[in-house]
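J.: My questions all concern the structure below.
Laboratory data are not the source of any read-out in this text; all were calculated from the coordinates shown. This structure is a prediction, so every number in the text was calculated from the model and none was measured. Counting neighbours? That spans all protein chains shown, and the Cβs are built from the backbone with ideal geometry, glycine included.
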Ligand SMILES: [Zn+2]
Ligand SMILES: [Zn+2]
């Protein structure tokens with residue numbers, strides 16, 4: 001065997017890796033299939049409903065649009081994943097395992113029972129981890145912390161409670177993650193290596209979020225990231241829950257403090273060769289971002305929870321492409337099916353996001369098709385164009401398409417307010 005053949009063979013091994021990405025399950029243990037969306041499909045009291053609502057005749061066993069996920073939905077996703085590939089190289093969970101309402105439940109006296117709700121957060125993470133392990137007992141499972149996985153949204157628990165929380169997660173995740181570095185105890189961020197050779201760096205983006213003020217710890221985490229990437233031999237995958245930069249929603253909402261984004265992209269740009277992917281969740285849609293001065297794939301992954309009227313979706317990476325599978329809850333009898341694969345949709349050789357972006361920018365129809373794929377909605381015949389744009393951007397219909405189209409495109413390629421505004425106004429950036 002000559003030297004070049006060995007190099008080719010080794011690199012083909014890397015490229016043929018197969019893994020699943022699941023994000024934003026928001027497992028809701030209080031989901032009740034007979035209750036409608038008015039109280040998030042709950043039959044229990046919580047902050048917005050101090051009385052027990054009445055059930056409907058319209059039962060939705062596998063989930064309801066506008067509500068978080070019942071266990072049966074996660075189970076059916078895992079069943080489908082096992083049919084697609086029973087032995088992937090590894091599986092990634094990008095956080096927000098816990099329902100949006102776990103900390104808002106009221107007891108019989110109509111008071112918030114903080115201790116019970118904290119127990120519920122932990123128990124949900126236990127249930128979810130156990131269920132995924134049950135379906136993939138031989139698979140390495142690597143998880144990141146989301147903004148709904150703590151005891152307060154967007155806040156990492158601190159002090160003694162924070163230490164206990166991290167200890168709890170470490171003990172729960174370690175057996176299936178195989179390796180979790182000691183940095184986990186500094187703030188829930190860590191290094192792991194996949195059996196197949198990836199160097200995984202999972203961040204805790206609750207610190208970096210624009211809705212949190214934890215400067216010292218944030219800078220510490222980013223310094224840790226810099227050291228890890230600089231010392232790495234390559235094939236790094238960075239896991240984030242919240243991505244830096246803007247959402248498509250509401251004219252654009254910033255995910256991280258801009259100072260932290262700047263440091264993050266500095267690390268990425270200086271080490272672009274070593275970074276295979278940046279994977280994030282949180283936006284409840286499957287999309288991508290184009291980094292200013294590097295060609296590193298930055299992939300935003302779709303959600304299992306259908307709370308934003310998106311269809312539940314998971315993603316399968318294989319042979320330098322990815323495919324989304326969706327569960328069409330707009331159908332009376334929903335089934336899992338393929339939504340789209342990136343290379344097929346853009347007719348490209350690989351994950352070339354710069355080219356894909358240019359195509360979306362120059363073709364309005366393609367952009368709309370991509371948006372409907374990003375929420376798993378391409379087969380929903382009953383959905384109007386207005387409804388699609390509302391789901392995507394929360395936008396005012398009269399603004400369709402130009403302003404909203406700019407918001408969508410600019411949220412894919414800008415990371416600070418100045419450039420985002422210039423981009424929205426169609427000025428050169
Ligand atoms: Zn979420
Ligand atoms: Zn989130």
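J.: Given the DSSP H assignment, sum -39500 (n - 2.57) over each helix run of at least 4 residues in the chain and divide by its residue total; what's the result at 222 nm in deg cm²/dmol, nearest 500?
T.: Details: 13 runs with 157 residues, N = 429.
So the helix-based figure for the chain works out to -11500 deg cm²/dmol.
J.: Now a separate question. Per the Cauchy relation, a quarter of the hull surface: what is the mean projected area of the convex hull of the alpha carbons in the stretch 128-268, in nm²?
T.: Details: hull surface 36.7 nm².
One quarter of the hull surface, i.e. the mean projection, equals 9.2 nm².
J.: Taking every DSSP beta bridge that has both residues in the chain, what percent is antiparallel when rounded to the nearest 5? Please list the in-between numbers first.
T.: Working: 28 of 49 bridges.
Of the beta bridges lying entirely in the chain, close to 55 percent run antiparallel.
J.: Would you mind computing, in nm to one decimal, how far apart the modelled labels at residue 133 and residue 54 are, each placed 7 Å from Cα along Cα→Cβ?
T.: Simple spin-label model gives 4.4 nm for this pair.
J.: In nm, what is the difference between 0.36 nm times the number of residues separating residue 79 and residue 47 and their Cα-Cα distance? Each step should come with its number before you reach the end.
T.: Working: separation 32, 0.36 × 32 = 11.52 nm, distance 3.42 nm.
Roughly 8.1 nm would be gained on extension.
J.: Another question, if that's okay. Taking the beta-carbon count within 10 Å as an exposure proxy, list 287, 384, 23 from fewest neighbours to most.
T.: Starting with the residue having the fewest Cβ neighbours, the order is 384, 287, 23.
J.: Would you please classify the overall shape of the stretch 287-409 from the alpha carbon gyration tensor, given that a ≥ b ≥ c denote the square roots of the eigenvalues, rounded means a/c under 1.5, and beyond that prolate means a/b larger than b/c while oblate covers the rest? Show your work: numbers first, answer last.
T.: Details: a/c = 1.92, a/b = 1.12, b/c = 1.71.
Because a/c hits 1.5 or more and a/b fails to exceed b/c, the stretch 287-409 counts as oblate.
J.: Say R0 is 45 Å: what FRET efficiency, to the nearest 0.05, do residue 34 and residue 163 get from their beta-carbon distance?
T.: On the way: r = 41 Å, r/R0 = 0.91.
For R0 = 45 Å, the calculated efficiency reads 0.65.
J.: Moving to a separate point now. Can you tell me which of 56-69, 94-107, 352-365 comes out highest on packing, and rank the rest after it, using the mean Cβ neighbours within 10 Å? All intermediate terms of the calculation are to be shown ahead of the outcome.
T.: Values: 56-69: 18.9, 94-107: 23.1, 352-365: 14.8.
Ranked from most to least packed, the peptides come out as 94-107, 56-69, 352-365.
J.: Still on this structure, I have one more. Rounded, prolate or oblate: which one fits the stretch 55-105, using the alpha carbon gyration tensor with axes a ≥ b ≥ c (rounded when a/c is under 1.5, else prolate when a/b beats b/c, else oblate)?
T.: Oblate.
J.: What is the extension gain from residue 110 to residue 330, computed as 0.36 nm multiplied by their sequence separation minus the C-alpha to C-alpha distance, in nm to one decimal? Let's see the in-between values first.
T.: Working: separation 220, 0.36 × 220 = 79.20 nm, distance 3.44 nm.
Contour length minus the Cα-Cα distance gives 75.8 nm.
J.: Taking just the C-alpha trace of the stretch 20-424, give me its Rg and Dmax in Å.
T.: Looking at the stretch 20-424, its Cα Rg and Dmax stand at 20.2, 60 Å.
J.: Could you sort the peptides 163-170, 336-343 by per-residue average Cβ neighbour count (10 Å cutoff), highest mean leading? Before the final figure, lay out the partial values.
T.: Details: 163-170: 16.0, 336-343: 18.6.
The peptides rank, most packed first, as 336-343, 163-170.
J.: Now for a different question. Could you let me know the centre-to-centre spacing of the stretch 259-300 and the stretch 125-179, using Cα atoms, in angstrom?
T.: 24
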